[in-house]
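Quick note: the coordinates plus some simple rules give every number you see, no bench work behind them. For clarity, every value in this text was computed on a predicted model and none was experimentally measured. For neighbour counting, all protein chains shown are included, and Cβ atoms are generated from backbone atoms with ideal geometry for every residue, glycine included.
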Amino acid sequence: MAYHYAFMMKVAIVRKPETLFEAAKDQRWVGAMNVEMQELSKNETLDLVPSSSHKKAISCRWIFKMKHNANGTVN
């Protein structure tokens, strides 16, 4: 019981950002976003190109989630 309580307390303390602007204030999230962009580029699943006035861009957004270890620490 105490183990679960300690885990939940650690999870409750860490707050995930709701917007990109909130995430940009924390270097841990900035680092995570940089790693994600590098992986997308490495896997050739994303190409950033200049916008064009005669084509409609595909929209996207960041979704922030945290992974936790079994002891409640953020992975």
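Observations on the structure shown:
- Region 17-75 - Kirkwood radius from inverse mean 1/r over Cα pairs (Å): 13.9
- Whole-Hz Karplus values for region 63-71 come out as 10, 9, 9, 10, 9, 10, 6, 4, 8 Hz, taken residue by residue from phi with 6.51 cos²θ - 1.76 cosθ + 1.60 and θ = phi - 60°; glycine and proline positions read x.
- Candidate aspartates and glutamates for bridging to residue 55, where Cα separation is under 16 Å - those fewer than 8 sequence places away on the same chain excluded: 47
- From most to least packed by mean Cβ count within 10 Å, the peptides 34-41, 49-56, 60-67 give 34-41, 60-67, 49-56.
- Near residue 64: Cβ cut-off under 14 Å, other residues only, Lys/Arg at +1 and Asp/Glu at -1. The net charge is +3.
- Anchor residue 25: lysines whose Cα lies under 25 Å away (excluding residues fewer than 8 positions away in-chain): 10, 16, 65, 67
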